[in-house]
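Beneath this line is the structure, given in structure tokens, with notes to follow.
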Amino acid sequence: MFGYHNKILRVDLTTRKVSVQELDDGLIKKYLGGAGLCARILYDETGPDIDPLGVENVLVAFTGPFTDTRVPSTSRHHIMACSPLTGVLGESSVGGSWGVHFKRTGHDGLVITGKSVSPVYIWIHDDGVEIRDAELVWGKDSVDSAEWLKSETHPKATVATIGPAGERLVRFASISHVGEKIRSAGRTGMGAVMGSKNLKAIVAFGTKTLAQADPDALWADLKQVIPHITKVTKAFGKFGTSGGVDNYERIGNFPIKNWSGSRWEGAQKISGAAMHDTVLSGRTACLKCPIACGRQIKITAGKWGPLDGEGPEYETVGTMGGECLVDDLEAICKANDLCNRYGLDTMSTGATIAFAMELYERGILSKEDTDGLELTWGNGEVLVELVERIALRKGIGRLMGEGSLKMAQKIGKNAIEYTITVKGLEPSAHDPRRFWSQALSYATAARGACHNASWGHAYELALSMEEIGIPQPFESYQAEGLAEFVATMQDYQSVNDALIICRFVQVGKAVTATNLVNWINMITGQGMDLAEFMKIGERIFTLKRLYNTRLGISRKDDTLPPRFMTLNRKDPELTNQLPPIGRLLGDYYEYRNWSEEGYPLFTKLSELGLEK
Amino acid sequence: MRFEFLGILKQIAGSPLQVVQEEPLRLHDLLGPLSTRLGEFVPYGCETTEAQLLSNLSFIRDGKMLRMEDRIDKDDTILVILPATGG
């Protein structure tokens, strides 16, 4: 089919066998690519008795039909495996340039099985695939690792590599994608899966061109849309994703003090505007993206200097700043840089540190437990120190590297009461008490407390999309109709993750569902309509649910941490906002045609072609 | 009625916009003065549609989002923010 190379690359690390499988048109029509094809393969090739760090786990990466076309903000790929952090479906969507370089080698997806007996890396290029020894690079951080690997392969290659955290199986280890800049597949511990397979890195560089059905029509349409994207995302470009920190603090969406706080004046010191006025040295963009939301920062002197690297994103500022009450922007920059180098998810790292700070305050952890460190709120030095200890599994970092839920279970006492996770995943920096769509989506998203599963906050606050049944922003704090709204948004974002295209083109209604359908048809030559487009989204979301239900997930797991359901915040503007999760779940299951226990019913599976 | 600009909009629009008006007005009626402060964030000035406006800006009163037809009273304070940021 046009828009694809129609090939899946398979690498078995146990046997060191490399093979290429034809990508079936029928599969493409049902799942498109990205998260859709990842989910199909993961479901088919793993079973219910899976150890996420065992040889039986399968790591799948897929590009989509938009990858390496002129559609902007699509140089992304999706990675999926059973998560070492949560024990259920793990996934991460990542930008940068790796997806484009990989697709240019003539493949659409990559399936990695088995386990190598010694450290290796995979080098994928136009002329073939090599599994090479990685003993010399094992132990290096992601930046040094990428530099060495490029020198061994191709100077323009993009390197997807783990750092010391992934090697040590930290359960929220990330995969750093190092091209000209660093972009991380952060969530759910995909780096630990690579580490468990003794796979240090996947290096890609290719030059093959992609056949498209009607590239001229595509470009004619894009010429109308791209200037609009540039215009409506201007603030993203200038202030980055953390441009909204102080907004969100004011309206009750920003996480404060392990989600127990109401307001915090420190937010202004760590916002995108503060970054712009202090440490910002430049903007960075994923390949062919007109938004350029990435930050380049430079600290020349002081406690955390010299430092020249990627700046923190909104979610990092939220978890390391707001949740830990750290208002020292340079300390957050340092902690963020260490996460990039060691290969750690900044969000789970920040959230787990905030959780530990609360345990310390409550006397559940003492100085004896923390190697003498004082885990006090707002302590930037401790924040930075703990990042290193977690990554290297030193002292208290050995325990914290398990993630906050497993850490609480190991500590015992009443530590679990202060754990803020859904299905074991620490939340994004969006408060579900402010946006009930996020409450319901956190509870039901496959990977746990993930704001991207629905991106509902943006559609409560501002956006609308008439053609998918959302003619105006959804009314906040309203239970009526919320289930349908959330399910629709989850389905819509599922297709976006199959294509794959960045959420930010939805800002200002720059790119709509109608645009996406038209572009799919121009690239692939299909005659898809909007109904089929949304059905693909529902199919992908439901398949992920099936994967999780096979692992024992049901209604009992579709819930929120007690703090989100019981703790009203104290500010006058932020009271009585507790989401009625029981009612919302009932409505949601009914709308989705799932049983009361949260299992998709046969009629729904049959309708989606998932009955087998 | 008072419009308070938050976050980066404060850098663009500056100090709060005070509109002296005894009778209630619709948000729609205030697009003119808002566009003088916020420029292209109010895409077509007084002609902007609700979808165009709300995809660029959010207006919040007492924690609730406002729509174009919502009435604003003389003592109301409205927070104006950029709608979608974050990761």
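The values are calculated or read from the model by the stated rules, or taken from the named source; none is laboratory data. Computed from a prediction, not measured in an experiment: that's the story for all the values here. Every residue, glycine as well, gets a Cβ built from its backbone with ideal geometry; the counts of neighbours run over all protein chains shown.
Looking only at segment A:457-468, which residues are under 15 Å from B:LEU54 (Cα atoms) and more than 7 Å from every other protein chain (Cβ to nearest Cβ)? Full working, then the answer.
As a first pass, look at segment A:457-468 and keep what is under 15 Å from B:LEU54 (Cα atoms): A:457-466.
Listed by number, the residues that qualify are A:HIS457, A:TYR459, A:GLU460, A:MET465, A:GLU466.
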Can you find a residue that is in contact with a Gly (Cβ under 6 Å, 6 or more places away or on another chain), surrounded by fewer than 20 Cβ atoms within 10 Å (Cβ to Cβ), in a loop (DSSP other than H, G, I, E, B) and not assigned by TED's automatic domain parsing to the domain that holds A:VAL511 anywhere in segment A:333-356?
no
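To keep it simple, each residue is scored yes or no on (1) in contact with a strand residue (DSSP E or B) (Cβ under 6 Å, 6 or more places away or on another chain); (2) crowded, with 23+ Cβ neighbours inside 10 Å.
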| position | (1), (2) |
| --- | --- |
| A:TRP259 | no, yes |
| A:ARG263 | no, no |
| A:ASP277 | no, no |
| A:SER281 | yes, no |
| A:GLN296 | yes, no |
| A:LYS303 | no, no |
| A:PRO312 | no, yes |
| A:THR316 | no, yes |
| A:GLU323 | no, yes |
Contact list, first residue from segment A:220-240 and over 15 Å from A:SER73 (Cα atoms) and within 11 Å of chain B (Cβ to nearest Cβ), second anywhere and surrounded by fewer than 19 Cβ atoms within 10 Å (Cβ to Cβ) and of a type in the set (Val, Ile, Thr), beta-carbon distance below 9 Å, six or more apart or interchain, is A:ALA235/B:ILE12
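Sort out for me the strands (runs of 3 or more DSSP E) sitting completely within segment A:46-160 that have 3 or more residues that are over 17 Å from A:LEU9 (Cα atoms) and in contact with a His (Cβ under 8 Å, 6 or more places away or on another chain).
A:89-94
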Checked A:ARG250, A:ARG283, A:ARG295, A:ARG263 against criteria (within 14 Å of another protein chain (Cβ to nearest Cβ), over 20 Å from the mean Cα position of the chain (by Cα) and not in a helix (DSSP H, G or I)); the one match is A:ARG263
If we ask which residues in segment A:224-247 are within 19 Å of A:VAL279 (Cβ to Cβ), of a type outside the set (D, E, K, R), touching a Gly at 6+ places or on another chain (Cβ under 8 Å) and part of a helix (DSSP H, G or I), their number turns out to be 8
Would you call B:PRO33 at pLDDT below 85 and of a type outside the set (Gly, Ala, Ser)? no
Just to be sure, is A:ARG389 on the phi < 0 side of the Ramachandran plot, under 22 Å from the mean Cα position of the chain (by Cα) and among the charged types (D, E, K, R)? no
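Could you list all residues from segment A:479-488 that are surrounded by fewer than 21 Cβ atoms within 10 Å (Cβ to Cβ) and either facing chain B (nearest Cβ under 10 Å) or not in a loop (DSSP other than H, G, I, E, B) (or both)? Write out each step before concluding.
So in segment A:479-488, the residues surrounded by fewer than 21 Cβ atoms within 10 Å (Cβ to Cβ) come out as A:479-481, A:484.
Listed by number, the list holds a single entry, A:GLU484.
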- [ ] Would you be able to say whether some residue in segment A:196-213 is modelled with pLDDT of 95 or more, in a helix (DSSP H, G or I) and under 26 Å from A:CYS450 (Cα atoms)?
- [x] yes
Going through segment A:25-80 in order, the residues found to be out of contact with any helix residue (DSSP H, G or I) (no Cβ under 8 Å at 6 or more places or on another chain) and among the charged types (D, E, K, R) are A:ASP25, A:LYS29, A:ASP44, A:GLU45, A:ASP49, A:ASP51, A:GLU56
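Got at least one residue in segment A:192-203 being more than 22 Å from the chain's Cα centre (by Cα), over 30 Å from A:VAL117 (Cα atoms), surrounded by fewer than 24 Cβ atoms within 10 Å (Cβ to Cβ) and touching a residue at least 12 places away in the same chain (Cβ under 8 Å)?
First, the residues of segment A:192-203 that are more than 22 Å from the chain's Cα centre (by Cα): A:198.
Now restrict to residues that are over 30 Å from A:VAL117 (Cα atoms): none.
So far as segment A:192-203 goes, no, none of its residues is more than 22 Å from the chain's Cα centre (by Cα), over 30 Å from A:VAL117 (Cα atoms), surrounded by fewer than 24 Cβ atoms within 10 Å (Cβ to Cβ) and touching a residue at least 12 places away in the same chain (Cβ under 8 Å).
If you go through segment A:199-209 one residue at a time, how many are under 22 Å from A:ILE501 (Cβ atoms) and either within 8 Å of another protein chain (Cβ to nearest Cβ) or touching a helix residue (DSSP H, G or I) at 6+ places or on another chain (Cβ under 7 Å) (or both)?
So in segment A:199-209, the residues under 22 Å from A:ILE501 (Cβ atoms) come out as A:204, A:206, A:208-209.
Still in the running and either within 8 Å of another protein chain (Cβ to nearest Cβ) or touching a helix residue (DSSP H, G or I) at 6+ places or on another chain (Cβ under 7 Å) (or both): A:204, A:206.
Number of matching residues: 2.
Scan A:LEU585, A:LEU546, A:LEU499 and give me the residue that is in contact (Cβ under 8 Å) with a residue 24 or more places away in the chain, away from every other protein chain (no Cβ under 14 Å), closer than 18 Å to A:LEU27 by Cβ and surrounded by fewer than 24 Cβ atoms within 10 Å (Cβ to Cβ). Can you show your working first?
Numbers: A:LEU585 fails: closer than 18 Å to A:LEU27 by Cβ; A:LEU499 fails: surrounded by fewer than 24 Cβ atoms within 10 Å (Cβ to Cβ).
A:LEU546 is the lone residue from the list that is in contact (Cβ under 8 Å) with a residue 24 or more places away in the chain, away from every other protein chain (no Cβ under 14 Å), closer than 18 Å to A:LEU27 by Cβ and surrounded by fewer than 24 Cβ atoms within 10 Å (Cβ to Cβ).
Among the listed residues B:PHE59, B:PHE3, which satisfies the condition of being modelled with pLDDT of 85 or more and in contact with a Pro (Cβ under 9 Å, 6 or more places away or on another chain)?
Details: B:PHE59 fails: in contact with a Pro (Cβ under 9 Å, 6 or more places away or on another chain).
Just one listed residue meets the conditions, B:PHE3.
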Those helices (runs of 4 or more DSSP H) completely within segment A:526-612 that have 2 or more residues that are aromatic (Phe, Trp, Tyr) are A:530-550, A:581-592
